[in-house]
Amino acid sequence: MAVADAIERVKYSSHLQVRIAAGAVLLLGGARAGVLPEDRADVLYHGYDGGGLTVDGPSVLVRKKFGDNFSVAYNYYEDMISSASIDVITQASAYKEVRKQNTLSVDAIHGKSTYSLGYIDSNEPDYKAKTAFGSISQDMFGDLTTVTFGFTRGWDKVGARGSTLDIPLDRTGWNVGLSQILTRNAVLNLNYEVTESSGMINNPYRQVRFCDLPPPACTSYTYQKEVYPHTRSGNAASATVKYYLPWRAAATGSYRYYSDTFGVRANTGELAYTQPVFHTWTLDSHLRYYRQTHANFYSDLFSHENAQNFLARDRELASFNSVTFGLGATWEYHINRFSWLQKGTVNVSWDRMHVSYDDFRDLRVKDVTPGTEPLYTLDANILQAFVSFWF
């Protein structure tokens, strides 16, 4: 397999792994302070299809309490990846691979404090990640306020099929959260997080392009490897308000701001609405808008070779905005013949995402002057379907 074939694999992995710990905590449903998660089993199918990239696969979660103060959860998650994205088409060839992830977590309660610990092991041919995470939550002021402190530590290995390349990437994250009951109908959640990465931050095989002749005489271009700093630090602050409406519905609004040492600045806003209907159904909808600026050392087309100390053309570091609209439905049921089964739910959600880039161009378009290719856009469908059992 050519070295270029690994481009999209490592890019996708790098982008995904920085969110593994947060995603696992959400999926496993970490305990709120003073309340352990209920005994539960989930069987899930997830699918993503957009921009020539298809990712789908199963997930299984089992959560069990032991006594009143201790709970254990295990999750298996699998991605089957098939890609013929714009990066693969323009620089490599299509590929298929599988990523498998195992997560184990424990929660313990002592008084009004909840302690959570977990470990994630994720493996695919080009990327291996090991992540430990933990948190402490404390209820106070008559259980109206909950303060949470969390920590993650990751040890990744970036490589390629058929290569002895084995480059480390270390990740560290801290977060502080506050949940405050404002009124009988309103809840406020505040969160602040810091992330740090060091090592092989970029895809070791991705390339940038530069003009063969200085502009405006640029009529063709050549590639050279990306060059990134060896460290990256980011900060994010978010606020979420949930309001419970008199007709048994709930409205949610959230905002998140992110910045990092690469020069990326991002704003995310989301509105959501939840409505129970017909006693056993719950309907959800949400609208999310995301906007970010490009990294300081990003360019779609550099003027010449080695134009600056750091070079990037990863579209995740470009300027772009995305709009996501989603719908979901949950049906709750009871089966009296199984005394051990308290209840079950069937859950389906669908998201439609549109991404527009401001400075990343579609190189699939040929016979035009470099730098004048049309700007790239991406549309994707995201599907989740799962059943849950409480016992």
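Some notes on this structure:
- Only DSSP H runs of four or more residues enter the estimate; each adds -39500 (n - 2.57), and after division by the residues of the chain the mean residue ellipticity at 222 nm equals -2000 deg cm²/dmol.
- Solvent exposure of the chain, expressed per residue, is 50 Å² of accessible area, with all protein chains present and a 1.4 angstrom probe.
- What you get for the chain, charging only the Cβ of Lys and Arg (+1) and of Asp and Glu (-1), is a dipole of about 760 debye around the Cα centre.
- Sum of side-chain charges, G234 neighbourhood, beta-carbon under 10 Å (Lys, Arg +1; Asp, Glu -1): -2
- Stretch gain in nm, segment Y223-E316, where the contour uses 0.36 nm per residue and the Cα spacing is subtracted: 31.6 nm
- Only one item in [x] 26.2; [y] 23.0; [z] 21.6 matches Kirkwood radius over Cα pairs in Å derived from the coordinates shown, and that item is [y].
- A simple spin-label model places pseudo-atoms 7 Å from Cα toward Cβ; at Q180 and N306 they are separated by 5.5 nm.
- Look at the dipole of the range 346-391 built from charges on Cβ: of T369, V346, L383, the Cα furthest out on the positive end belongs to V346.
- Magnitude of the charge dipole for the range 220-325, about its Cα centre and with charges confined to Cβ atoms of Lys, Arg (+1) and Asp, Glu (-1), is about 320 debye.
- For Q342, residues with placed amide H under 5 Å, excluding near neighbours: W390, F391
- Pairwise Cα distances in the range 106-152 exceed 13 Å in 64 percent of cases.
- The distance between label points at V35 and D68 comes to 1.7 nm (points 7 Å beyond Cα on the Cα→Cβ vector).
- Stretching the chain fully between S259 and R153 yields a gain of 36.1 nm (0.36 nm per residue, less the alpha carbon separation).
- Computed about its Cα centre, the charge dipole of the range 34-74 is approximately 180 debye, with only Lys, Arg, Asp and Glu carrying charge at their Cβ.
- Calculated FRET efficiency for the pair N296/N381, C-beta based, R₀ 30 Å, to 0.05: 0.35
- Alpha-carbon centroids, the range 63-115 and the range 156-234: separation in whole Å: 20 Å
- Kirkwood hydrodynamic radius of the range 36-112, from inverse mean 1/r over distinct Cα pairs, in Å: 14.9 Å
- Within the same chain, lysines fewer than 8 places from K100 are excluded, and of the rest, those with a Cα less than 28 Å from its Cα are K11, K64, K65, K128, K130, K157.
- H354 paired with Y333, simple spin-label distance in nm, labels 7 Å along Cα-to-beta-carbon: 3.7 nm
- Applying 1/(1 + (r/R0)^6) with r as the Cβ-Cβ distance of I167 and A108 and R0 = 45 angstrom yields a FRET efficiency of 0.80.
- To the nearest ten degrees, helix 6-17 and the longest principal axis of the Cα atoms of the chain are 30 degrees apart.
- Segment L188-I89, extension gain: residue separation times 0.36 nm, minus the distance between their alpha carbons: 31.1 nm
The values are calculated or read from the model by the stated rules, or taken from the named source; none is laboratory data. As the structure is a computational prediction, the values presented were derived from the model and not from experiment. So basically every Cβ, Gly included, is an ideal-geometry build from the backbone, and we count neighbours across all protein chains shown. Areas reflect the complete protein model, heavy atoms only, side chains present, ligands, DNA and RNA absent. Shrake-Rupley method; radii C 1.70, N 1.55, O 1.52, S 1.80 Å.
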